[in-house]
Amino acid sequence: MSIAGHDGSLGREIDARAALIDACRALNARGVNQGKAGNASVRWDRGSRAGLLVTPSALPYDRMRPDDIVWLSLELAGSGGAAGGDVAAVVDSAGRRPSSEWRIHRDIYQHRPEAAAVLHAHPPHATALACLPEGQSSGIPAFHYMVAVAGGVDIRCAAYATFGSPALSEATLAALAGRRACLMAHHGIVALGASLDAALSLAEEVESLARMYLLARQLGTPALLDEAEMKRVLALFADYRPDQAPEAG
Ligand code: 13P
């Protein structure tokens, strides 16, 4: 299944809303997420008002309809102002409740101009790794050259903070510095992309890498590629996978 990206191909807002739901269902169908976990967004401006479309909180994806998707302004004050960690206090003009992780989505669009889509999921292997002290300190190291797919020499793990909190968004943004994906301690992953398709395929790749890494660890201590080799791989990605070229920083 192809998910339209936010490159003009989504066209109308109704199509973008439908594409978001398709992406979430694809995450579940591909084993990268399950149940109501996770959330998804695309950058979506309304005229001169910069904003995003994000999935609603705690609604099963098979029951989600385009009307349930929430539009939020990127100008939502600071860390949510009086809303603090209370998602119910942030609703759109039609009274819909956005994902509890709306801050992560908003903050990524505010700080990462190249991001057009953001996915958060709870993939079994990546999340298992993010629950181990070693996974939390080292994330997914360069045991395989494809780690470069996230834009750097490793895939970091964001420090734990309560779901929906400003602290979790800060930790996630920090782990994403110079990267397009990260693990989240005791929680899951975030992947961003220049389109929904790119973010979806990156989320799948991260879960697959975590699975391989955990498998290798069961058999012994995985050998790691050195930094010089990873830099070569990152340089090659510029031609091999232009959409997955190294991130700056
Ligand atoms: P939402 O349903 O509020 O998006 O929460 C799901 C989740 O994974 C929170 O981290």
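The values are calculated or read from the model by the stated rules, or taken from the named source; none is laboratory data. Because the structure is predicted, anything quoted here is derived from the model rather than measured. With ideal geometry, Cβ positions are generated from the backbone for all residues, glycine too; neighbour counts draw on all protein chains shown. What goes into the accessible areas is simple: the full protein's heavy atoms, side chains included, and nothing from ligands, DNA or RNA. Shrake-Rupley method; radii C 1.70, N 1.55, O 1.52, S 1.80 Å.
A 1.4 Å probe run over region 46-176, with the rest of the protein chains in place, finds 40 Å² accessible per residue. Rounded to the nearest 5, the antiparallel percentage of DSSP beta bridges internal to the chain is 90%. Magnitude of the charge dipole for the chain, about its Cα centre and with charges confined to Cβ atoms of Lys, Arg (+1) and Asp, Glu (-1), is about 380 debye.
Tilt of helix 102-111 relative to the longest C-alpha principal axis of the chain, in degrees (0 to 90, nearest 10)? For helix 102-111, the angle is close to 70 degrees. Expressed as a whole percent, the proportion of Cα-Cα pairs in the chain lying more than 35 Å apart is 10%. Per the 1.4 Å probe, what fraction of the accessible area of region 143-222, in percent, lies on carbon and sulfur atoms? Within region 143-222, the accessible surface is 57 percent carbon and sulfur.
For region 116-124, putting each phi into the Karplus relation 6.51 cos²θ - 1.76 cosθ + 1.60 with θ = phi - 60° gives couplings of 10, 8, 9, 10, 10, 9, 10, x, x Hz, in residue order, rounded to whole numbers and with x for Gly and Pro. Other residues with beta-carbon under 11 Å from the beta-carbon of Pro66 carry, at +1 per Lys or Arg and -1 per Asp or Glu, a net charge of -2.
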